[in-house]
Structures are given as structure tokens and as C-alpha cells.
1. Taking only pairs six or more apart or across chains, which ones have beta-carbon atoms under 6 Å, a first residue in the stretch 144-172 that is closer than 16 Å to LEU252 by Cβ, and a second residue that is surrounded by 16 or more Cβ atoms within 10 Å (Cβ to Cβ) and among the polar types (S, T, N, Q)?
2. Residues to consider are ASP229, ASP286; find the one that is more than 15 Å from the chain's Cα centre (by Cα), closer than 28 Å to PHE40 by Cβ and acidic (Asp, Glu).
3. Among the listed residues LEU163, LEU129, LEU157, identify the single one that is at pLDDT 95 or above, touching a Phe, Trp or Tyr at 6+ places or on another chain (Cβ under 7 Å), crowded, with 20+ Cβ neighbours inside 10 Å and within 15 Å of TRP236 (Cα to Cα).
4. Residues in the stretch 164-204 that are part of a helix (DSSP H, G or I), polar (S, T, N, Q) and under 20 Å from GLU125 (Cβ atoms): how many?
Amino acid sequence: MAGFKRTPDIGRIRLRQRGGVVVFVESEDDYQIFAKRWFFDLGARITFEPADRDTPERGGGGSGVVCSLVDKAIADGICAFGIVDRDSLMSNDLWELWWEKDDTSFLASRPLGDRIRILLRWELENYLLDAVVMEIEIADERFCSTRSAETCARDCLKYADELKNLAAANIILQRTGGKINPGFGTNPRHADSELHNELITHLTKKSVPKPKEVLIEERVLVDHFDLPDAEPLKRWERLTRMIDGKSALKYLGSMFGVALDQRRGALARRIWEQNRIPEDVQGYVDEFLQASIY
């Protein structure tokens with residue numbers, strides 16, 4: 001990874017002069033959520049930096065670049081950390097931790113180094129699948145009164161099988177360096193067995209051996225994160241750990257008639273307005289703030 005290898009010295013000087021903590025995130029999109037919508041009120045105590053800014057120098061972003069940037073910043077005397085998506089575990093073949101169902105054990109792990117924190121959910125977009133804020137956005141788009149968050153969660157759970165199948169197929173393809181387009185199954189719309197069959201056809205085209213059997217096996221593992229007997233809000237929140245966030249926003253938006261994937265900024269801001277910043281993310285930021293004191 002390129003890291004800070006060709007980053008101009010003025011960039012390192014700027015980060016040193018600012019003081020506080022520098023937190024590298026995977027992309028400009030992540031930066032917009034962390035720095036501009038969730039933690040904009042922290043001032044100079046934390047500086048968020050997207051790993052894909054100045055792409056030629058930084059290698060295009062992603063978890064590997066975040067790790068490289070953090071290492072270089074530490075070597076330059078900068079107090080730095082990184083936040084990466086859970087799916088970084090797949091690209092690093094850390095499958096045991098990827099499938100870890102216990103949140104406490106997961107959050108305590110440091111497989112990518114002591115300075116790298118890994119999100120509890122598949123990717124940052126998963127946190128935007130908050131039933132409270134999704135319902136606000138859906139009601140605004142439809143220009144009607146908001147329903148309860150529980151009703152929104154129930155509606156999302158109607159498509160739990162489809163979202164879990166999409167996740168399973170994407171996990172299979174991740175092993176070969178591929179992935180499913182986030183819009184898969186939405187144009188035209190597919191649901192139930194129809195979507196399942198389309199996924200098998202897609203995996204076949206991608207030369208996945210025994211795609212039907214493999215999809216079933218992977219789906220069983222995804223199912224371990226579900227709590228089918230829990231109340232809707234709890235079940236939905238739990239399930240969002242192991243579904244593909246971008247695909248879920250696109251798929252649910254298609255089914256609800258509201259382009260949720262195009263409202264990521266609004267959903268993120270609603271999360272801040274409703275005081276619903278996820279506990280694991282807030283916990284990481286609190287750690288960073290504590291580190292800035294020393």
C-alpha cells in the first residue's frame with residue numbers, strides 16, 4: 001500500500017500541528033459520516049482523515065491503506081488510530097472473527113493492530129439501517145405521518161430472507177475477490193425464491209462450484225446472527241451485523257419506494273439528531289479522546 005510514502009511533507013506537518021488525535025477512515029463517504037454528521041462538534045480534539053483522499057498518493061482507500069497510514073503517522077510522532085469496516089476481516093482471511101457472534105469478544109479483538117478498530121457491522125452503511133431514522137426519511141419522502149420504529153422494523157424483516165441470501169452470496173464471492181452489485185435484485189425486483197434462483201444463476205456465471213449447495217451453507221452461517229424470536233427492533237438491530245449494508249439500503253429502498261441508498265447523508269444526520277450514534281462507534285471515539293489527553 002502506498003500509505004504516506006509519497007504524501008507531501010506539508011500534510012504530515014499539518015497533522016502534527018493540529019494536535020489531538022488523527023483518525024483515518026476508509027473513504028470520503030465514511031469521512032462525511034464521521035466528521036461532518038456524527039462527531040463534527042469535537043473540534044481539534046479529533047481530526048478524521050479519509051484514506052482515499054489524494055488517491056494517487058494513498059492508493060485508493062480501503063482498510064489496508066488505513067493500516068498503512070496509521071503506521072506511518074505513528075512513526076511521524078502523530079497520535080493516530082484507524083476505523084475499518086468489519087468486511088476487512090474477509091479480505092484478511094480472518095474468518096473466525098468474521099463469524100464471531102459475541103459482541104464483547106469481537107470488540108475486544110485487535111487482529112489488525114492495537115491502533116485499528118473494527119466496526120461491529122459489515123460496513124458503515126449498516127448503521128444507517130436504523131429503523132427509527134429510516135421511518136423518518138420514509139415518512140418525509142411520502143409526506144405522511146411517521147409510524148412507530150417497530151412497524152418499520154417489521155417491514156424490514158419481511159425481507160430478511162432476501163437480505164440474508166444477498167449477504168451469503170456476497171460472502172462467497174468475496175473469497176474470489178468479487179462482489180455483488182448493490183443493486184442486485186432491484187431492477188427488475190426479485191423476492192423470495194425468485195431472488196434465490198437469480199443468485200444461484202449469478203454464482204454459476206462467476207464459476208462458483210456447486211453454487212446452490214454453497215449458498216445454502218453460507219446462509220446457515222449468516223442465520224446464526226439472527227434472533228427470530230426477539231421483538232422486531234432487537235431482531236433487526238442484531239441482523240444488521242451480517243447483511244451487506246449497501247445492498248440492504250438499495251434493496252429496501254426499492255421495496256419501500258424510497259431511495260434510501262441516495263439518502264445516506266440524511267440518514268446519518270438523523271442518527272445524530274435522534275441521539276442514536278451506535279454504542280460501539282461512540283465507544284471507539286471515547287477511547288480516542290482519552291488517548292489525546294496523554
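1. Hits for this filter: LEU166/SER247.
2. Numbers: ASP229 fails: closer than 28 Å to PHE40 by Cβ.
Testing whether each residue is more than 15 Å from the chain's Cα centre (by Cα), closer than 28 Å to PHE40 by Cβ and acidic (Asp, Glu) leaves just ASP286.
3. So the residue among LEU163, LEU129, LEU157 that is at pLDDT 95 or above, touching a Phe, Trp or Tyr at 6+ places or on another chain (Cβ under 7 Å), crowded, with 20+ Cβ neighbours inside 10 Å and within 15 Å of TRP236 (Cα to Cα) is LEU163.
4. Residues in the stretch 164-204 being part of a helix (DSSP H, G or I), polar (S, T, N, Q) and under 20 Å from GLU125 (Cβ atoms): 3 in total.
Let's see how each residue does on (1) surrounded by 19 or more Cβ atoms within 10 Å (Cβ to Cβ); (2) assigned to a helix (DSSP H, G or I); (3) in contact (Cβ under 8 Å) with a residue 24 or more places away in the chain:
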| position | (1), (2), (3) |
| --- | --- |
| VAL208 | yes, no, yes |
| GLU213 | no, yes, no |
| LEU221 | no, yes, yes |
| LYS234 | no, yes, no |
| MET242 | yes, no, yes |
| ASP261 | yes, yes, yes |
| ALA266 | no, yes, yes |
| ARG276 | no, no, yes |
| LEU289 | no, yes, yes |
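The values are calculated or read from the model by the stated rules, or taken from the named source; none is laboratory data. Not measured: the values here are computed from a predicted model. Using ideal geometry, Cβ is built from the backbone for each residue, glycine included, and neighbour counts are taken over all protein chains shown.
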